[in-house]
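Colleague: Take this structure, written in C-alpha cells, and hold onto it; I'll ask about it next.
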Amino acid sequence: MTTYTPHMLGLPRYVWPQRGHGPRDGEGVVIGVIDTGINPTHPSFAYNPKYPSGSNKDVPLYAGTCEICQNFTAGSCNGKIITARYYAAGAAAVIPLNASIDLSPFDALGHGSHVASIAAGNWGVPVVVNGFMYGFASGMAPSARLAVYKAMYPQGGTVTDIISAIDQAAQDRVDVLVLSIGPDEPPADGITFLSVLDITLLFARRAGIFVAQAAGNRGPDPASVSSFSPWAMGVAASTTSRAYTPILVLGNGYRIKGIGLSAPTPGDGLFRFTLVAARDATSTSLASAEECQNPGALKLARVAGSIVICSFSQGFYNGTSAITAILDTATSLGFLGFILVANPLYGDFVAEPLPFHIPGIMVPRVTDAQVIWNYYNNHTIRDTNGIVTTYGASAAIKEGRIATFANTAPAVARTSSRGPDITNNQLNPADVLKPDILAPGDQIWGAWSPVSLLSPILSGQHFALISGTSMAAPHVAGVAALVKQYHPSWTPAMIASALSTTASKHDRLGRPIMSQGPELYRLYQSTPFDYGSGLINPSGALDPGLVFPSEFEDYIKFLCSLSNTTSRDIFLATKVTCVAPSDTPSDLNLPSITISSLRGCQSIRRYVKNVAGKTETYLPAVHVPDGVSVHVNPSWFEIGPDGIQHLEITFNVTEASESFNFGELVLIGSLDHIVRLPLVVRPML
C-alpha cells in the first residue's frame, strides 16, 4: 500500500479501469507473501463485503488454510487474508523464540505487513501517523487476496523455514509470490543457481507461480545482487518523485532543507526561537551531551523551551546512539524542537524521514551543518572561559509532513544491489541479467505493526515510510497479479517477459534513468546492471505484443549447459537427468541477452510468441554494444496470433575490452508494439 506509487505507475488511469473489461485490480488472484507475518487488524487487510468472510471458496483451485493461535484469531482470515501460516522449526533450532508472539502468523515487526500492503492492500486506506493525515493508500492489486507465510522472526530466520513456506505456497496454489527476505550473500560453496533456495524457487516456477524477489540492499557495490536465478524476477529499487523536506529557518533568514516527518514550531517559521547547542548545555562530558542521548547530561534550564542542536557523532556510527533517545531526551527536558546535524569529523550521513512527535529536523550534509554552526557561533556570546553568557541565535522549523514533487525520478536507489549476476561466491559473472527490473522502493508508505519490536521509533504506529528492495519487490508482485488477472492463461515466464520488454529506461522528463552511487547526493549514469530492463510499466505489460516463453525443461537445459557443473550436480539438486542441454547458458529464452565472455563469434537463439491477437510485422533494430557487431536473422518477420518466430542474434568481437558493454535489441511492430531486450556483452581477447 502506498499513497503515491499507484499514480506514479499509472494504475488508476490506465490499468484498474480497463474500459469494456470491468475492474482489473487483481480480483480472483492470490498473492503469497513470505515474510514476518501480517497484522490482521490493519485496515489495509480489512474485510470486504464482496469476499465470503473467512473463505477462499470463490477462488478456483486454491487450497490454503489459516492457523488459529492466541494472537491470530479465527476472524483474522476474513476473505482478504485467506491463508496465514507460520514456519519456525528451523528458527527454533538456532535462535530463541518468544512463543507468545513468534509462534503464530501475527507480525510483531511490521516488515511483512508493509510488504503485503504494497502488493495487495485495500484501496483508499487513510494513512495517519501521530495524528497527521498523509493521504490515502492502496496496494498495486487492491482486490487480490493474500496468503501469508511467516518465516522470519525478531532474532532472524533460516533458509529451512523459507523453503517450507515456499513449498506450502506451491501446495496452496498461489498465483504470485513475493520474497523480500532471504540470504543476502551467495552460498558459501557451490553454484548460486543450485542452492537449495534457488532450486525450491525453480519448482515453484514449475508449479505456475510468478516469483518477485528483492534484489538486495548491498548497493552500490557491483555484483551485489542476492537474486540469482532466471526463474525468479529480481527487483531493484528506485526513488520516486515525492519527498518530505522540512526547512530550518535561521534567525538571519537563511533556509536549510532537511529530513524529518514532524510538525512545525509555533508559527510555521514566522516566529524564531532560541537556538542552543547541546554541547553548550552540558552537565557532564561533551561526548554524551552533544548527541542528546541522556536527559541527565544536559542542564534543564538551558534547553527547556529552546531548539537544541544535537550532533550525529560517533555514537550513531557505532550503533550506541539512536533517534528515539533524542526524542526521549527532548520530551523529558521540554525541548521546543531539535536539529540533528552532521559532524564534520564523520562526514555526511544517510537519513530517512522518520516520524517525530515534536518538531525536529535532520541535516545530514556537512556543508549545511557548517552554515548552522557559523551562524550559531557568530550570535553566541561567551566569557573568557568559553562558557556561553548569551544565546543570541534563533531558528524555526517549518512543516515537514507535506510532500513535494520533482521530475527527476526515478533514479536507482543507492542501496539497491547491482549486477552482474554471479555463479558463485568468487563473483564469476553469469550469462543472466540481474537485476531483472526496477520498481519504486524508496520512501514507501505501507501498513505496519504497532508492536514494532525492532523499530522503537515506530512503536504504536500503524503505518511506516521505509525503503529498500523489500518495498520494490511487492510492487512487481502486485503488477504481476494485475497481468495474471488480465491474461489468466499466461505462464510466469510470459508475465515476466511482458514486464521486462515494456519497461521504461527514462525518467519523467524523458531523460535516461540515473543512479545514486558511492558519493551521497550525486547521480551517476545507469546501466542494466543497475535497473535490469528498466522501470516497470504496468499498462504496457498488459499488451506487450510478443513474449519470450520459457518452461521448466528450458531451465533444466540452462543448468545442464553451465560449464562449472556436472550432470550429477544437476540431478542431485533437481532429480532431473540432463538429456539435451542448451549449447550455451545464453540460449535460455529470456527477454534479455547476456554474454559474460564473448570470444570471436557467438550466435544466440531466441523465440517469441505473438500474444496480441492480430497478425503483425516486426522489424528488428539494434543499439550495438561497444566492441561487437550484431546481426539479427531474419531481418524482418510477420507473425500471426499465437504464432512462434525463431530469431538468431549473432555477435562478433570487433574490439576486446574485457569489460561489460551494453546495448539493446528492439523489435518494432507495425501495430505500434515495441519489444525491448537489453544486450549485455563482455568482449574478450
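Colleague: Rounded to the nearest 5, what % of DSSP beta bridges with both residues in the chain are antiparallel? Numbers along the way, then the final one.
Modeller: Working: 69 of 118 bridges.
In the chain, approximately 60 percent of DSSP beta bridges are antiparallel ones.
Colleague: Another question, if that's okay. Enumerate the residues in segment 261-282 having an amide nitrogen under 20 Å from the point lying 7 Å beyond the Cα of TRP373 toward its Cβ.
Modeller: Answer for this model: 275-282.
Colleague: Can you sort MET471, MET152 so the residue with the fewest Cβ neighbours within 10 Å comes first? Intermediate values should be presented prior to the final figure.
Modeller: Working: MET471 29, MET152 25.
In increasing order of surrounding Cβ atoms, one gets MET152, MET471.
Colleague: If you average the sequence gap of Cα pairs under 8 Å that are 6 or more apart and divide by the length of segment 243-405, what percent do you get for the contact order?
Modeller: Working: 371 pairs, mean separation 59.9, N = 163.
In percent, rounded to a whole number, it is 37.
Colleague: Segment 579-685: which trypsin sites (Lys or Arg not before Pro) are DSSP loop and have at most 14 other beta-carbon atoms within 10 angstrom?
Modeller: Working: sites: ARG599, ARG605, ARG606, LYS609, LYS614, ARG676; in loops: ARG599, LYS614.
Qualifying residues, ordered by number: ARG599, LYS614.
Colleague: So who's got an amide H within less than 5 Å of the one on MET514, skipping anything under 5 residues away but keeping other chains? H placed 1.01 Å off N, in plane.
Modeller: VAL412
Colleague: Work out from phi, with θ = phi - 60° and the Karplus expression 6.51 cos²θ - 1.76 cosθ + 1.60, the ³J(HN,Hα) of each residue of segment 669-685, listed in order in whole Hz, and give x for Gly and Pro.
Modeller: These are the phi-based 3J(HN,Hα) values: x, 6, 9, 6, 6, 10, 10, 10, 10, x, 10, 10, 9, 10, x, 10, 5 Hz.
Colleague: At 7 Å along Cα-to-Cβ for each site, give me the label-to-label distance between SER283 and THR320 in nm.
Modeller: 2.1
Colleague: Could you go through segment 272-282 in sequence order and give the Karplus-derived ³J(HN,Hα) for each residue, using 6.51 cos²θ - 1.76 cosθ + 1.60 with θ = phi - 60°, rounded to whole Hz, and x for Gly and Pro?
Modeller: Karplus-based 3J(HN,Hα) across segment 272-282 equals 9, 10, 4, 9, 10, 7, 4, 5, 8, 10, 6 Hz.
Colleague: May I ask for the Rg/Rh ratio of segment 569-635, computed from Cα atoms with Rh as the Kirkwood radius, given to two decimals?
Modeller: My calculation puts Rg/Rh at 1.05.
Colleague: Roughly what would the spin-label model give for GLU638 and GLN70, points 7 Å off Cα along C-beta, in nm?
Modeller: Inter-label distance under the simple model: 7.3 nm.
Colleague: If I take all pairs of Cα atoms in segment 559-681, what percentage of them are more than 24 Å from each other? Provide the component values of the computation, followed by the final result.
Modeller: Numbers: 2841 of 7503 pairs.
Result for the distance tail: 38 percent.
Colleague: Rounded to the nearest 0.05, what FRET efficiency do ARG568 and ASN294 have when you use their Cβ-Cβ distance and R0 = 56 Å? Show your work: numbers first, answer last.
Modeller: Numbers: r = 62 Å, r/R0 = 1.10.
Efficiency, from the Cβ-Cβ distance: 0.35.
Colleague: What Kirkwood radius, in Å to one decimal, follows from the Cα pairs of the chain?
Modeller: Values: mean 1/r = 0.0377 Å⁻¹.
Its Kirkwood hydrodynamic radius stands at 26.5 Å.
Colleague: Given R₀ = 30 Å, what would the calculated FRET efficiency be for GLU185 paired with PHE662, taking r from the Cβ atoms and rounding to 0.05? Walk me through the numbers before you get to the answer.
Modeller: Details: r = 26 Å, r/R0 = 0.86.
Rounded to the nearest 0.05, the efficiency is 0.70.
Colleague: Okay, next question. Given segment 275-416, what whole percent of its Cα pairs are spread farther than 17 Å?
Modeller: On the way: 6206 of 10011 pairs.
Tail of the P(r) past 17 Å holds 62 percent of the pairs.
Colleague: Once you have the Kirkwood Rh of segment 332-482 from its Cα pairs, apply Stokes-Einstein at 37 °C and 0.692 mPa s and quote D in µm²/s.
Modeller: Numbers: Rh = 19.9 Å.
Reported coefficient: 165 µm²/s.
Colleague: What does the extension gain come out to for ARG508 and GLU553, with contour length at 0.36 nm per residue minus their alpha carbon separation?
Modeller: On the way: separation 45, 0.36 × 45 = 16.20 nm, distance 3.99 nm.
Answer, rounded to one decimal: 12.2 nm.
Colleague: Would you grab the residues whose amide H sits under 5 Å from the one on LEU598? Only those 5+ places off in sequence or on another chain, please, with H modelled 1.01 Å from N.
Modeller: Result for LEU598 returns ARG682, MET684.
Colleague: Go through segment 598-683 and name the GluC sites (Glu not before Pro) that are in a DSSP coil and have 15 or fewer other Cβ atoms within 10 Å of their Cβ.
Modeller: Details: sites: GLU616, GLU638, GLU648, GLU655, GLU658, GLU664; in loops: GLU655, GLU658.
Here the sparse-neighbourhood loop sites are GLU655, GLU658.
Colleague: Something else now. Which order do TYR47, TYR87 fall in if you start with the one that has the fewest other Cβ atoms within 10 Å?
Modeller: Numbers: TYR47 14, TYR87 23.
Listed from fewest to most nearby Cβ atoms, that is TYR47, TYR87.
Colleague: Could I ask something else about it? In terms of modelled amide H atoms, which long-range or inter-chain residues lie less than 5 Å from the amide H of LEU298?
Modeller: Residues meeting the criterion, in which the H sits 1.01 Å from N, are SER283.
Colleague: Once both labels are modelled 7 Å past Cα along the beta-carbon direction, what's the TYR607-VAL576 spacing in nm?
Modeller: 1.6
Colleague: For segment 579-657, which chymotrypsin sites (Phe, Trp or Tyr not before Pro) are in a loop by DSSP, counting at most 14 other Cβ atoms within 10 Å? Before the final figure, lay out the partial values.
Modeller: On the way: sites: TYR607, TYR618, TRP636, PHE637, PHE651; in loops: TRP636.
Loop-located and lightly packed - TRP636.
Colleague: What ranking of CYS601, CYS66, CYS578, CYS310 emerges when the number of other C-beta atoms within 10 Å of each C-beta is taken as an exposure proxy, fewest first? Kindly include the intermediate steps, with their values, before the conclusion.
Modeller: Working: CYS601 12, CYS66 23, CYS578 18, CYS310 28.
Ordered by Cβ neighbours within 10 Å, fewest first: CYS601, CYS578, CYS66, CYS310.
Taken together, the values in this text are just the output of simple stated rules run on the coordinates, not laboratory data. A quick note: this is a predicted structure, and the numbers were derived from the prediction, not measured. A quick note on method: Cβ atoms are made from the backbone with ideal geometry, for glycine too, and the neighbour counts reach across all protein chains shown.
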